[in-house]
């Protein structure tokens, strides 16, 4: 009787899956663990002082079975020579970035026709997005401290977190094991006062325990008025092994920022010849700025709880607190007549349990999360507390050797709305050289606090919007002509029913663009994305291209995002001087077609559809040199070689020509 109602389909799927898991697990207990089939584990017969304590690789992974195309390793991040991890997304098929072109700013990431409200950032699987705005500023991440970044797009993305219908981005923290003292230092410098530094220290204090600590600083004076950014972050971690493959991990990340928010060039000035003359043009706002103080505290139990090395589990208790001070004060050279002093306190805490199991041809990943979002103080949202439970599961199997099938689902509840999602995908491996893949899913994106509750003079909401319904389909192929040549192409189609639209309200507002929040009928996005990487002799060619067409419910074209964007590079790549020099040097460029884009409301941390002139087709070229000599990595980037004047978002000017350089040095002992 329970499974006859339409609304319980997702719950029934998960219940059935967990029942199947328990049966498979019971069957698995009838045979010995493969790790013991060759005799008892020798670690059980030796003294504790001789045991080697290790955690599974990337214990913070959201899914250890993810294909390589969804992983960015720490090595690939370093060779990309990007200022921040947001820049890396521009190099990936399907993604784009409406860049505010200055450190610390809230640049808008989009993927396959949906914006940053549908992109969820998590750290080792736990939520990072601020519950008030529903988003995360990727400048606040600590890229030097990540073992890898997992980026899941397509039909499966909704499984891994709240509001991840577009993409789930998991920042997998490093699990240090340093028998000898280990340290690393990074320092970069560039135009307009740009500086970035990062330091790490790690040391095992016993066979069971490790301590690590790090700091980060990021700053800029900015090219345009009111662009200053200063950011400090510190982090610490203690890991203690309770058993051979079972560790208790306590970590704390603290962030403090001070960021000027100029809102870009005023629309009228953006159409004039003075737009690219910083000292002569007019900014939207020369008064506003924000200060952030953020704590993220985690206590995790990770490893093989059952003693079977194939069964990986992670239990995490977490707490985050964010204090945002927004100011628009009459204390600058050209005050704008607006006076705002608003403080916002939000917090979220919860518990997350994830379990993975591999038995013969069946692989199971499942998890449950219970968290609470709180607004303690805000002039724009009344104090409130919201409980968010969620349950998810993925089952994968190989019925025949070359065919992998997967089914997945998620159910959750927040703000009185129930979100459900179901999907399936498959991979057919024709040969080691060629594979085909495809998938289909239907899921909900629940509205966030801003969309439901934010109130000020710039926001109009005729009624409360409901959940968006995302239907996704994709199909494609991956070709490995050799270990050094890879090609991949994907056709995708997305239908968003009842999309939550942020449309212009009271056009002509100068300081803050007004926002009308409502539910639309339907938005459809169809497109193609491709990626390629080929190394021929000492020449590396790589690139990515995305083409998409978007229509509303009436069949009219929507030009909010570029129809196509492409990035690529031509590099000299190899090891020289008897392999003492590992070098990547060459040219990297990007091209973006014209688009309407969004304008930024800095007080609300929200983007509203641009009602002004569109941003024209643009392209830039950089010279990039990354080299490894011994334990040191050297980066040299000559940005915007041709010094073109373009907008990277409405209406933010892309950086002009400049040189950025830096070094990363690792030390042992």
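Things to note:
- Scanning the stretch 454-493 for residues that are assigned to a strand (DSSP E or B), more than 16 Å from residue 431 (Cβ to Cβ) and over 26 Å from the mean Cα position of the chain (by Cα) returns 459, 460.
- Checking each residue in the stretch 385-407 for being exposed (fewer than 14 other Cβ atoms within 10 Å of the Cβ) and either touching a strand residue (DSSP E or B) at 6+ places or on another chain (Cβ under 7 Å) or touching a residue at least 12 places away in the same chain (Cβ under 8 Å) (or both) picks out 385, 387, 399, 402, 403.
- Subset of the stretch 333-379 that is surrounded by 14 or more Cβ atoms within 10 Å (Cβ to Cβ) and assigned to a loop (DSSP other than H, G, I, E, B) - its residue that is modelled with the lowest pLDDT: 336
- Against the test of being touching a residue at least 12 places away in the same chain (Cβ under 8 Å) and within 29 Å of residue 269 (Cα to Cα), the options 599, 628 yield a single qualifying residue, 599.
- Test for residue 235: is it touching a strand residue (DSSP E or B) at 6+ places or on another chain (Cβ under 9 Å), under 18 Å from residue 105 (Cα atoms), modelled with pLDDT of 95 or more and not in a loop (DSSP other than H, G, I, E, B): no
- Selection over the stretch 49-58 of residues that are in contact with a strand residue (DSSP E or B) (Cβ under 6 Å, 6 or more places away or on another chain) and either over 18 Å from residue 161 (Cβ atoms) or assigned to a helix (DSSP H, G or I) (or both) gives a count of 3.
- The stretch 574-594: number of residues that are under 23 Å from the mean Cα position of the chain (by Cα) and free of Cβ contacts under 8 Å to residues at least 40 places away in the same chain: 3
- Criterion: within 21 Å of residue 411 (Cα to Cα), buried (at least 20 other Cβ atoms within 10 Å of the Cβ) and out of contact with any helix residue (DSSP H, G or I) (no Cβ under 8 Å at 6 or more places or on another chain) - qualifying residue of 152, 159: 159
- Flag if residue 561 is crowded, with 17+ Cβ neighbours inside 10 Å, under 30 Å from the mean Cα position of the chain (by Cα) and either over 30 Å from residue 599 (Cβ atoms) or modelled with pLDDT under 95 (or both): no
- Residues that are more than 24 Å from residue 555 (Cα to Cα), crowded, with 18+ Cβ neighbours inside 10 Å and at pLDDT 95 or above, drawn from the stretch 488-511: 488
- Each residue in the stretch 426-449 was checked for being assigned to a strand (DSSP E or B) and either at pLDDT below 95 or within 19 Å of residue 406 (Cα to Cα) (or both), and 13 of them qualify.
- Condition met for residue 431 (within 30 Å of residue 346 (Cβ to Cβ), free of Cβ contacts under 8 Å to residues at least 12 places away in the same chain and out of contact with any strand residue (DSSP E or B) (no Cβ under 7 Å at 6 or more places or on another chain)): no
- On the stretch given as the stretch 427-446, residues that are under 17 Å from residue 471 (Cα atoms) and out of contact with any helix residue (DSSP H, G or I) (no Cβ under 7 Å at 6 or more places or on another chain) total 4.
- Whichever residue in the stretch 318-331 is buried (at least 16 other Cβ atoms within 10 Å of the Cβ) and more than 21 Å from the chain's Cα centre (by Cα) and, among such residues, is farthest from residue 239 (Cα to Cα): 328
- Yes/no for residue 175 being buried (at least 20 other Cβ atoms within 10 Å of the Cβ) and part of a loop (DSSP other than H, G, I, E, B): yes
The values are calculated or read from the model by the stated rules, or taken from the named source; none is laboratory data. Predicted model only: the values in this text are computed from it and were never measured. Glycine gets a Cβ as well: all are built from the backbone with ideal geometry, and neighbour counts include every protein chain shown.
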